[in-house]
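To keep things clear, I will list the structure first and then write my remarks on it.
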Amino acid sequence: MSTGSKTLIVDNIRTHYLEAGTGRPLVLLHSGEFGASAELSWGASIDALAEHYRVIAPDWLGFGGTDKVYDFVNGRPRRLQHMARFLKAMDLGPAAFIGSSMGGSELIRSVAEGKGTFDVSVMVLSSSGGFSPDNEARRIILNYDATREGMRTLISTLFHDPKWAADEDYVTKKYEVSIVPGAWESLAAARFRSPAVEVRSHFGQEDNTVYENITVPTLLVAGAEDPLRERGYAALMHDRIPDSTLRVYDDAGHFPHIEQPARFNEDVLAFLNERYPS
């Protein structure tokens with residue numbers, strides 16, 4: 001399966017995305033750590049999914065090959081608006097969505113808010129949503145210093161299996177994405193808060209998402225050893241989302257879809273075959 005690397009100008013923003021396959025649309029939304037991109041998030045899944053669907057995997061604003069822009073007044077809304085405008089320009093219509101970490105959290109909150117940012121038929125969430133504690137692991141991720149060893153530390157925190165931090169090729173790829181001009185600055189800017197602002201970070205704050213509002217079929221995938229979430233968080237979400245299915249992967253950290261791609265792809269395709277057949 002050939003995956004194409006493409007760009008689209010959206011509101012004067014150069015937007016990079018990967019595309020493969022044909023058929024009903026399936027959108028993949030990547031995570032938000034330093035060095036994140038569509039390719040690094042979904043490289044082990046795109047080919048398998050593209051055998052059944054038209055897969056679109058964009059880079060968020062400020063990430064990967066998309067222009068390095070951050071809006072200090074409307075950070076999250078601007079990022080969501082850009083993605084919504086990209087999807088509209090792609091003319092996909094109702095689609096299935098899969099989100100990892102930040103990508104999935106943005107997705108599920110938007111669906112729960114009912115603002116129509118994304119036209120979602122079904123969705124899959126990998127380590128997304130729920131309460132995000134302000135813990136030691138989170139601070140390691142946020143304090144990335146744009147060095148190769150800093151990237152290795154970041155990877156060792158996100159993954160349960162130490163082989164990922166020992167994989168020199170993987171560390172190099174993620175490190176090189178993180179030091180593209182403007183990449184570190186765009187991501188770090190999202191953490192800036194004026195001293196005049198009472199709440200300095202959304203991490204550690206109560207999760208006010210009204211999960212009961214979600215009406216689309218939802219597959220929740222969680223890593224049992226995820227250091228960025230509290231144990232059992234996905235089960236709490238599962239109890240509140242009316243039409244949801246839960247899968248918890250033992251021996252997986254914050255990226256179960258990367259650590260156990262064969263199982264993830266099988267679970268996703270089985271879910272989509274039932275709820276969003278190709």
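The numbers here are math on the coordinates, done by the rules we state, and not lab data. Quick caveat, the model's predicted, so the values are computed rather than measured. All Cβ positions, glycine included, derive from the backbone under ideal geometry; neighbour counts span all protein chains shown.
Of all the stretches in the chain, which is the longest one without any exposed loop site, taking trypsin sites (Lys or Arg not before Pro) in a DSSP loop (any state but H, G, I, E, B) with at most 16 other Cβ atoms within 10 Å?
Looking at the chain, 1-114 is the longest stretch - no exposed trypsin sites (Lys or Arg not before Pro) with at most 16 other Cβ atoms within 10 Å.
Within the chain, what percent of beta bridges assigned by DSSP are antiparallel, to the nearest 5?
That works out to approximately 30 percent antiparallel.
Nearest 5 is fine: what % of DSSP beta bridges in the range 1-123 come out antiparallel, could you say?
Close to 50 percent.
Amide H neighbours of Leu29 under 5 Å, at least 5 residues apart or on other chains, H built in the peptide plane: list them.
Answer set, sorted by chain and number: Ile98, Gly99, Ser100.
How much length, in nm to one decimal, is gained on full extension between Arg231 and Glu168, taken as 0.36 nm per residue of separation minus their Cα-Cα distance?
Here the answer is 19.7 nm.
Using only Cα atoms, figure out Rg for the chain and give it as a multiple of 2.2 N^0.38 Å.
For the chain, the normalised Cα radius of gyration is 0.93.
Across bins of 10 angstrom width beginning at 0, how are the C-alpha pair distances of the range 4-51 distributed, in whole percent?
Whole-percent P(r) values from 0 Å outward: 23, 52, 24, 1.
Using the charge dipole of the chain (Lys, Arg: +1 at Cβ; Asp, Glu: -1 at Cβ; taken about the Cα centre), state which of Phe72, Ser45, Ala190 has its Cα farthest towards the positive end.
Phe72
Please report how far the C-alpha centroid of the range 232-278 lies from that of the range 1-75, rounded to the nearest whole angstrom.
Using only Cα atoms, the two centres lie 20 Å from each other.
Specify the residue with the greatest mean-square fluctuation among Glu33, Glu106, Glu51, computed from a Gaussian network of the chain linking alpha-carbon atoms under 10 Å apart.
Its mean-square fluctuation being the largest, the pick is Glu51.
For the range 1-125, what is the charge dipole size about the Cα centre, in debye to the nearest 20, if Lys and Arg each add +1 at the Cβ and Asp and Glu each add -1 at the Cβ?
Its charge dipole is roughly 300 debye.
Calculate the dipole size of the chain relative to its Cα centre from +1 charges on Lys and Arg beta carbons and -1 charges on Asp and Glu beta carbons; express the result in debye to the nearest 20.
The dipole magnitude comes to about 720 debye.
Taking the Cα centre of the chain as the origin and placing charges on Cβ (Lys, Arg +1; Asp, Glu -1), which of Leu220, Pro58, Ser126 is farthest toward the positive end of the dipole?
Pro58
Between Asn135 and Asp119, what is the spin-label point distance in nm, taking each point 7 Å from the Cα along the Cα→C-beta axis?
Rounded to a tenth, the inter-label distance reads 4.0 nm.
Around Ile46, what is the net charge, scoring Lys/Arg as +1 and Asp/Glu as -1 over all other residues with Cβ under 12 Å from its Cβ?
-3
With a 10 Å Cβ neighbour count serving as the proxy for reagent exposure, in which order, fewest first, do Ser127, Ser121, Ser105 appear?
So the ranking, lowest neighbour count to highest, is Ser121, Ser105, Ser127.
So which of Lys6/Lys174; Lys88/Lys173; Lys115/Lys174; Lys6/Lys115; Lys6/Lys163 end up more than 22 Å apart, counting from Cα to Cα?
Those over the limit are Lys88/Lys173; Lys115/Lys174; Lys6/Lys115; Lys6/Lys163.
Taking a ≥ b ≥ c as the square roots of the Cα gyration tensor eigenvalues, with a/c under 1.5 meaning rounded and otherwise prolate when a/b beats b/c, else oblate, which class fits the range 22-113?
Verdict is prolate for the range 22-113.
From the phi of every residue in the range 120-130, what ³J(HN,Hα) in whole Hz does the Karplus formula 6.51 cos²θ - 1.76 cosθ + 1.60 yield, where θ is phi - 60° and glycine or proline is x?
These are the phi-based 3J(HN,Hα) values: 9, 8, 8, 8, 10, 10, 10, 6, 9, x, x Hz.
Shape call for the range 236-278 from the C-alpha gyration tensor, a ≥ b ≥ c root eigenvalues: rounded (a/c under 1.5), prolate (a/b greater than b/c) or oblate?
oblate
Arrange Ile140, Ile9, Ile214 by Cβ neighbour counts within 10 Å, fewest through most, would you?
Placing the least packed residue first, the sequence is Ile9, Ile140, Ile214.
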